Amino acid sequence: MLPLCSGEEIEACPSASPDARRVLISLNPHAGRRSVERGVVRMATCLSSEGYVPEIFTDLAQVSDQANELFERGDLRALVAVGGDGTVAELVNRTRHGLPLAVFPAGTANLISRYFRLRAEPERICQSIIAGRAVSLDAGSASGRLFLVMASCGFDADVVNRVHDCRLRNPCGGHIGYASYLKPILESIRSYSYPEIRIECAADGPCGSTETTARWAFVFNLPCYGWGLPLVPSAAGSDGLLDLCTFGRGSLMDGLRYLVSAQLGWHRRLTDCRIHQNRRFRVTSVEPVPYQLDGDPGGMLPLEIEVLPRRVTLLVPQK
């Protein structure tokens, strides 16, 4: 089996200007299971000791606007996303193509960080910013909204929506962990009806013009999902393609069957499992079906999905 979270196939790309000294740090104070503010301060201190000028922001609009301005002037060494996959995706959506982005993992799943083997070690992240590699990564566009890891429609998106609603109802915001998903999962098990999803592949892609129906649909840019469930372990983040995985039946028992089969790597043998590669997909449904992007609620179908080759520049440690 191929490794689930390995960024080795990602191609290197030109790095940030060697003379740039400004580092903007976007801190999501509610990301993940615990606060990482002390680690962020350590990283900023490390950068300062090396002659860089770090600034910490908690307002996404403010940090994105300033990052874009500094990048255009050639003064931005890096924008650091402190948070989970949703924080990284939000910054990618707000910043310009090619802007150098570093990641301080502080979310719940941290799939992007796991893919590139990034750790929440302030000094190591500091060194990635100063002397790391800049790599190019494809992004997916879901009706104009960018994602880096995956988009999915159906049961798991319903769970994501419920987790998000619970978080909004908490007046203090707060951190979430895997335990935060237990109650929403039980609620989805009781109420989700598994409506039919229709997926159309564009004619200009490798699989040609095809159409399929399913009750579960996943579109991957990177081969990471959940705790490491290998739905499409061969997905690559720099091949200019997206990987579709669908399952045809809709019930809790079918979901458990898919889960066990995927964990064992047997799901491709199932007659109701379909896996395709393509550049563009159209996903629709007659009944309301939610979708999620990189672990955050996206909305309701329909959805137009396409790949944006080499859209994102990440700073990662030297091998």
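Details
- For the range 13-121, the set of trypsin sites (Lys or Arg not before Pro) satisfying both a DSSP loop assignment and a count of at most 16 other C-beta atoms within 10 Å is given as Arg21, Arg33, Arg34, Arg96, Arg117, Arg119.
- Take every pair of alpha-carbon atoms less than 8 Å apart whose residues are at least six positions apart; their mean separation over the length of the range 196-319 yields a relative contact order of 27 percent.
- Evaluated with a Cβ-only charge set (Lys, Arg +1; Asp, Glu -1), the range 226-319 carries a dipole of roughly 360 debye about its Cα centre, given to the nearest 20.
- Qualifying chymotrypsin sites (Phe, Trp or Tyr not before Pro) in the range 183-275, where qualification requires a DSSP coil assignment and no more than 13 other C-beta atoms within 10 Å, comprise Trp227, Trp266.
- With Cα atoms, 0 to 90° folded angle of helix 60-73 axis to the chain main axis: 60 degrees
- At 0.890 mPa s and 25 °C, Stokes diffusion of the chain via Kirkwood alpha-carbon radius, µm² per second: 122 µm²/s
- The apolar share of the surface of the range 186-319, taken as the fraction of accessible area on carbon and sulfur atoms (1.4 Å probe, ligands and nucleic acids excluded), comes to 53 percent.
- Calculated [222 nm] ellipticity per residue, helices only, for the chain: -8500 deg cm²/dmol; basis is -39500 (n - 2.57) per DSSP H run with n ≥ 4, divided by all residues, nearest 500.
- As a size descriptor, the averaged projected area of the C-alpha convex hull of the range 76-162 was calculated at 6.2 nm².
- Computed from Cα positions, the angle between helix 122-131 and the longest principal axis of the chain comes to roughly 80 degrees.
- Surface accessible to a 1.4 Å probe, per residue, for the residues of the range 169-292, Å²: 49 Å²
- In the chain, Cα pairs under 8 Å separated by at least six residues give a relative contact order of 24 percent.
- Ile185 versus Arg38: modelled label distance in nm, points set 7 Å from Cα along the beta carbon direction: 3.1 nm
- Taking GluC sites (Glu not before Pro) in DSSP loop conformation with at most 15 other Cβ atoms inside 10 Å as exposed sites, the chain has its longest uninterrupted site-free stretch at 51-195.
- Close amide-amide hydrogen proximity is noted between Val289 and Leu301, each under 5 Å apart and 5 or more residues distant or on a separate chain (H modeled in the peptide plane; Pro and chain starts excluded).
- Relative to the longest principal axis of the Cα atoms of the chain, helix 85-94 runs at roughly 70 degrees.
- Based on the Kirkwood approach, the hydrodynamic radius assigned to the range 11-159 is 15.6 Å, with every pair of different Cα atoms included.
- Based on the Stokes-Einstein relation at 25 °C and a viscosity of 0.890 mPa s, and on the Kirkwood radius from alpha carbon pairs, the range 233-319 is assigned a translational diffusion coefficient of 158 µm²/s.
The values are calculated or read from the model by the stated rules, or taken from the named source; none is laboratory data. The structure presented is a predicted model; accordingly, all values stated were derived computationally and were not measured. Please note: Cβ atoms are built from the backbone with ideal geometry, for glycine as well, and neighbour counts cover all protein chains shown. Just so you know, the surface numbers come from the protein's heavy atoms only, side chains and all, with ligands and any DNA or RNA stripped out. Shrake-Rupley method; radii C 1.70, N 1.55, O 1.52, S 1.80 Å.
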